[in-house]
Every structure is written in structure tokens, then in C-alpha cells.
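Here is the structure we will look at, set down as C-alpha cells.
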Amino acid sequence: MEYYKNQLCVEAGWLIKESIMTQTQYDNLNRRKQINVVRRACLNTPALVAYDSIPDRFKKNIIEKIGRDPYKAVIQSSLKDFIVPDEKSRKYFRGYIMDNGEHLPEPAQEEYRANAEILNALHHIIIDRAAGRKVINGKLKGIWPRLANAVLNLDKKEFKHTLPPNYRRLQDRYNRFISTDNSRFERIGYESLIHGNWCNKNSEKINDEAKVWMLSRWTSMVERIATTEQLFDEYNRLAESQEWKQLKSPDTVHHFLYQEDIKPLWWAARYGEQKFKEKFVYQLKTILPTMRDSLWYSDGTKLNYFYQTRDAQGRFQMKTTSVYEVMDVYSETMLGYHISDTEDYVAQYSAFRMAMQVSQHKPYQVSYDNQGGHKKLEAGDFLTKLSHLSIRTKPYNGKSKTIESAFGRFQMQILKKDWFFTGQNIQTKRDESKANLEFIMANKNNLPTLEEVHAKYIQRRNEWNNAPHPKTGKARIEMYRESSNPKTAKVELMDMVDLFWVLRDKPVTTSAYGITFQEKGVSYNYDVTLPNGMPDIKWLAKNIDKKFRIKFDPQDFSMIYLYDETPQGLRFVTEANEKVAIHRGKQEQEPGEMERWAAIDKANAELREEMRESLMEIQRQHNQLPEQNGLVTPGIKGINRKRKQTADNFGRLQKAMSNVVVASDEDDEQDDNLYNLM
């Protein structure tokens with residue numbers, strides 16, 4: 001619809017297309033002159049029918065179709081034709097900086113841009129008479145009420161403007177927007193559309209001196225201010241003496257403190273550095289490993305079980321303990337752990353050892369915290385030998401450690417199943433994360449012992465490792481076993497020695513009794529052995545009185561390694577196995593014991609004869625043999641040269657054994673009693 005020759009007209013084609021009337025009805029009305037066709041159709045120009053000439057039954061259809069008074073609709077439609085995008089206004093409002101240094105919110109930018117585009121359209125209508133006639137039926141006198149009506153009838157969903165419906169206020173807004181030389185208007189152009197109170201969230205002002213006082217008082221730990229209402233009251237009590245303006249509402253204080261540029265100044269003082277870091281410090285986005293042993297995390301935490309014990313007087317005590325865990329980050333598999341009351345060197349060492357035994361591979365990277373035990377591991381190069389990279393995590397950075405998140409889920413999904421669960425840490429707020437202390441105290445006599453807690457924890461760890469991983473749905477341990485890492489080395493025996501065996505501080509002197517030393521009050525005895533398990537008699541004879549450095553496994557004393565101490569460092573010599581003991585009493589002897597002694601006795605005799613013959617040959621070559629000088633070489637005691645010693649000499653061996661007195665562990669002298677008696 002449009003105005004044509006001062007008449008409101010409707011396109012004839014639209015009437016037929018929208019089923020207002022049929023083609024036959026239109027032709028009949030036109031032939032009978034019952035409608036006024038004010039413009040005939042020609043190329044690219046539709047025929048127009050005067051709206052007033054259309055019979056009422058068809059007018060009704062028109063009104064139902066367009067949903068409003070056609071006269072208002074045509075004004076809106078005509079005004080809409082002159083509203084065009086204003087890119088200059090878009091750039092202006094997008095780049096506008098307010099007094100507080102911030103940009104305008106996007107909804108405000110959209111509102112002001114719509115206002116500018118509509119005012120531009122009104123300006124075009126006012127200065128272009130043809131355009132004005134089209135919009136307001138050609139009568140330019142009294143134009144503003146009709147323009148205001150046209151603006152009012154614009155679709156707000158399409159044009160999100162806030163121009164006033166009152167024509168006088170609309171005209172005033174237009175004058176401020178368009179005028180460049182009228183001094184009675186405060187603002188001109190695009191700036192006139194911006195609300196003057198933007199970001200002035202409260203009408204009350206706080207001067208700079210009062211702001212500084214307010215911040216210092218809000219962050220004080222000497223006598224804390226609990227609420228902004230308390231700070232408001234204290235401010236007003238001081239205001240008169242400090243010549244500050246009295247405040248009318250606590251909202252003024254709240255609005256000041258919670259401004260985006262003010263909050264970071266006091267957040268740490270009120271809630272702690274950790275909370276400040278979580279809220280205001282930039283957080284990295286990281287990608288977790290995609291293969292096993294790429295990264296191990298280790299950490300110590302409370303083992304969330306109560307257990308019962310007794311003190312020296314037999315009185316009941318309820319306690320908790322701690323656990324140190326090593327976890328593969330890729331699969332969340334718990335590889336190694338150690339339960340103890342403290343997160344010390346022993347706990348960390350033991351957990352890593354178990355992890356290595358489970359994995360059978362060295363990790364590419366190990367991350368750990370800054371606990372004291374780790375410093376000892378670092379000093380001994382343990383962590384350097386354990387992995388390609390060993391990185392200490394930043395303190396108070398729990399979100400960066402996957403193990404803390406995983407252990408939290410382990411607590412809530414697995415450990416929580418047991419009634420003696422202690423709950424999570426003291427900072428937890430959820431009731432589900434807390435212990436049911438009433439029930440626990442009512443059943444404290446039924447609490448498990450520490451040994452039972454150990455067994456239960458092993459069960460729950462296995463349950464976790466066999467539970468589905470949250471991302472893959474596979475059991476964690478299956479994910480771990482099915483994965484491989486080409487850059488992690490397989491663990492060999494010497495790796496375990498280097499990593500987990502302890503170098504004894506003092507050297508040990510070899511004696512005829514073998515390698516003997518004490519560790520934590522317990523005596524240990526070792527032999528260097530042949531492949532068949534028998535003592536290497538010849539090696540022993542050649543190394544009597546020699547000192548060796550010893551490496552041993554503190555969890556398995558069945559074997560030790562012997563090292564020479566050289567100027568270039570330790571040099572591996574050989575391994576030694578735990579010495580086999582023989583029962584003296586025949587009643588308690590086990591099968592094979594006497595045969596072993598007989599074989600050793602025979603080897604000893606053969607060694608003595610071999611040594612004697614070697615010496616006599618040397619003497620003979622240099623005419624030092626007693627027989628070459630009219631003297632006699634004495635025989636070897638305990639050896640009958642005329643017959644070879646065999647396993648049948650048990651009686652003689654048993655007699656010799658019964659008279660042996662073993663030297664003390666701290667005595668390095670040889671015990672020759674056995675040989676002297678034979």
C-alpha cells in the first residue's frame with residue numbers, strides 16, 4: 001500500500017495474490033466502475049486501486065490480512081522505506097569509551113544505532129517534500145504529530161529504538177541529533193543519543209580519600225568488617241569529622257567495592273591468595289596425555305578412613321592416617337602407594353617403587369609437590385634417574401594436578417562406600433562429602449584396625465582401577481595395559497638397583513664367613529655363589545680381607561651387590577646371595593643339607609691342595625722347596641692324601657661342625673676351627 005496522488009492506494013496484484021478477492025471479482029468490479037483504478041499497470045509498474053473505493057466486504061479482508069488500520073500501516077511502511085543502515089553510527093557506538101574507561105554494552109549500542117537510523121529517516125522526510133508526502137499523505141503542515149505516530153507504529157522487534165512517542169519530545173530529540181549550531185542544545189550528533197548517567201550506578205559520590213579509607217577498612221584483619229552495611233555505618237560515623245559526604249544507602253558502598261576494577265584489590269585480603277588466583281589469574285587450557293607413562297603425578301593426602309587403636313595404657317583411640325599415591329595421568333590408574341602417618345621419604349620411595357614394579361617401564365615425566373621427602377629424593381638423584389623429566393608442581397595449584405581431581409572422585413565414588421569414611425577435606429561444603437560422625441561415634445568400638453584399613457584400601461584401589469574411565473568407558477587398568485609409549489624404557493634389574501637399592505654408608509670386609517653386616521640391628525650374611533647355588537670358594541679365597549661397598553634392597557635382603565670404590569666412582573664387582581644355614585642337630589636337618597656340607601668340604605680341601613701345589617711349584621722353581629734343602633714339608637691338616645674326601649665322611653663333618661664357634665658379626669677375623677679339627 002502507498003499514497004498516490006494524495007490517495008491511499010492498494011496494489012491490484014496484491015489483492016489477488018493474497019486472496020483478498022479473485023481475478024474474476026476484480027475484473028467485474030473494474031468493468032462496473034465499482035472500484036477506482038487510479039493507475040493502470042504497465043512495465044514494472046503495478047496497477048493501483050484507491051482504498052476508499054474498495055467495497056467494505058473486501059476492506060474487511062484487507063484489515064484482517066495486515067492486522068491493523070491500513071492508514072497507520074502505510075505510514076509505518078512508508079517510514080520503514082526510508083530507514084537505512086548507518087555504518088558510521090555503528091562504528092561510533094562500538095568505539096565509544098565511557099568515563100570509566102569501558103565500552104558501551106552491546107544492547108545499548110543496538111538501541112542507539114536504531115535511534116540514529118530512524119532520526120536520519122525523519123530528517124530525509126522533512127527535507128524532501130516528495131518523501132514527506134509519501135509518508136504523511138502530502139500534507140506537510142503539522143508534520144510532527146504524524147511523524148511521531150509513524151515512529152510509534154514501527155515494529156519494536158525489528159527496530160529496537162527508544163525514541164519517545166510524544167511528538168514534542170521526539171522533535172526535541174531530533175533537534176539535538178541533527179542541529180550543529182543551536183546553542184540551546186547540550187549535545188549534538190551521535191553523542192546526544194547516549195544516556196548521560198551511563199555507569200553512574202548510584203547517584204551518590206564517594207571522594208578519593210574516602211575510597212582509600214573504605215578499601216583499607218574492608219581489607220583489615222585487625223578488626224574485620226563483616227558486611228557492607230557495617231562499613232556503611234562506620235563510614236557515616238566518620239563522615240562529619242573527615243568532611244566526607246554522608247551516604248544515604250549501603251548500596252553505594254556495595255557498588256563501589258564490587259566494581260570490576262576494585263574487586264581485585266581486596267579479594268585476596270578477604271578470601272586468601274588461593275581464592276584470588278582461582279578467580280582473577282589467567283588459567284591455561286591444557287591437553288592431557290594420550291598414552292600411558294607419559295606423565296605420572298604423585299601426591300600425599302589423608303586416607304579417608306577412621307580406625308581404632310590402643311595407647312600404652314590400653315585406652316581406646318580413634319585415628320586417621322595418610323597415603324601417598326602415584327597415578328598415571330592418561331588412564332587414571334593408581335600404580336603405587338604407601339600408607340603411613342607422614343608424607344616422608346620412605347612413603348614416596350615405596351610408592352614409586354611399587355609403581356615401577358606394576359608398570360615395568362620408566363615414566364617419561366614425573367610431577368610432584370614441594371614436600372620435604374621429595375627434597376631428599378632430589379638430592380639423591382632418584383627422581384632424575386626415575387624419569388626423563390621430573391618437574392615440581394607449583395604450590396597451592398591443586399587445579400593443575402590431575403591426581404587431586406581424580407583422588408577427589410575416588411573418595412566420593414569409592415571410599416565413601418564404607419561407613420568409617422572420614423569425609424573429604426575441611427573446605428568441603430556439600431553434606432554428601434562429609435562424614436556421618438553421629439553414626440561413627442555410636443559404632444566406634446566396631447571401627448577397623450589399622451591392618452584392616454590397609455586391606456580395605458587395597459580392595460578399594462583395585463575397584464577404582466577396574467572401574468570405567470569417565471571418557472573412554474574402559475576399565476582404567478585395561479586402558480593402561482593396552483596402551484604403549486615408545487619413548488619410555490623398560491625397567492631392567494640394574495634400573496631397580498640404581499633407583500631403589502640403598503648404598504650402605506660403611507664398607508664391609510670379606511671374611512671366611514662371607515659378607516656379613518648389620519642393618520637396623522639385624523645381621524645379614526651373604527655368599528658369592530656359582531650358577532649351581534654353591535659358594536664360590538675360589539672367589540672367597542682371593543678376596544679375604546678386601547673391603548666392598550654394598551647396595552641392598554631395603555624390602556628384599558635376599559641378594560646384594562658388591563662394588564669397588566675407585567677414584568672414578570663405584571665399580572660393580574658381583575652379586576652375593578643370602579648365605580644358606582645348615583642345622584647342627586641331625587634331628588632338624590632337612591634333605592640335602594649334609595650333602596651340601598660335604599660338597600663344600602670337598603671344595604675347601606681341593607682349594608687347599610691346589611693352593612699348596614701352586615706354592616710348592618713356585619718354591620721348586622727357585623730351589624726354595626724344603627725337600628730341596630734337606631727338610632720336609634708338613635702335610636695339610638684335616639686332609640687324607642691317600643683317599644679322596646667324599647660325602648661318606650658325614651661323621652667327621654658332624655663332629656667338626658659341633659665344635660665350630662661362629663665369629664661375631666662385627667669380628668673380621670677368620671674362623672679356622674673347622675679346618676684345624678679336620
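Odds and ends about this structure:
- Förster-model FRET efficiency, 56 Å R0, Arg620 and Ser340, C-beta, rounded to 0.05: 0.25
- Each residue, Gln230 and Ala41, gets one label point 7 Å from its Cα in the Cβ direction; the gap between the two is 8.3 nm.
- Taking packing as the residue-averaged number of other Cβ atoms within 10 angstrom, the listed peptides 609-622, 355-368 run from highest to lowest as 355-368, 609-622.
- Summarising the label geometry, the points placed 7 Å from Cα in the beta-carbon direction at Glu463 and Gln628 lie 8.4 nm from one another.
- Treating r as the C-beta distance of Leu238 and Ile97 and R0 as 35 Å, the FRET efficiency rounds to 0.50.
- Among Met559, Met98, Met221, the ranking by other beta carbons within 10 Å of each residue's beta carbon, starting with the fewest, stands as Met221, Met98, Met559.
- Normalised contact order of region 2-67, rounded percent, pairs of Cα under 8 Å and 6 or more residues apart: 33
- Peptides 8-15, 272-279, ordered by how many other C-beta atoms sit within 10 Å of their residues on average, highest first, read 8-15, 272-279.
- Region 488-554 shape via C-alpha gyration tensor axes, a/c threshold 1.5: oblate
- Take every Cα pair under 8 Å whose residues are at least 6 apart in sequence, average their separation, divide by the length of region 208-280, and the relative contact order is 26 percent.
- Difference of contour (0.36 nm per residue) and Cα-Cα distance, Glu106 to Lys285: 61.7 nm
- Relative contact order of region 501-580, pairs being alpha-carbon contacts under 8 Å that are 6 or more residues apart, as %: 31
- Which of Asp155, Asp369, Asp27 has the fewest Cβ neighbours within 10 Å, and the rest in rising order: Asp155, Asp27, Asp369
- Maximal additional length on extending the Gln34-Leu389 stretch stands at 118.2 nm, based on 0.36 nm per residue less the C-alpha distance.
- Burial ranking of peptide ranges 600-608, 291-299 (average Cβ count within 10 Å, highest at the top): 291-299, 600-608
- Sum of side-chain charges, Cys9 neighbourhood, beta-carbon under 9 Å (Lys, Arg +1; Asp, Glu -1): 0
- Inter-probe distance in nm under a simple model that places probes 7 Å from Cα toward Cβ, at Ala442 and Lys160: 5.8
Each reported figure results from applying straightforward, stated rules to the coordinates on display, with no laboratory input. Remember, predicted model here, so these are calculated numbers, not experimental data. Heads up, the Cβs are rebuilt from the backbone with ideal geometry, glycines too, and the neighbour counts pull from every protein chain shown.
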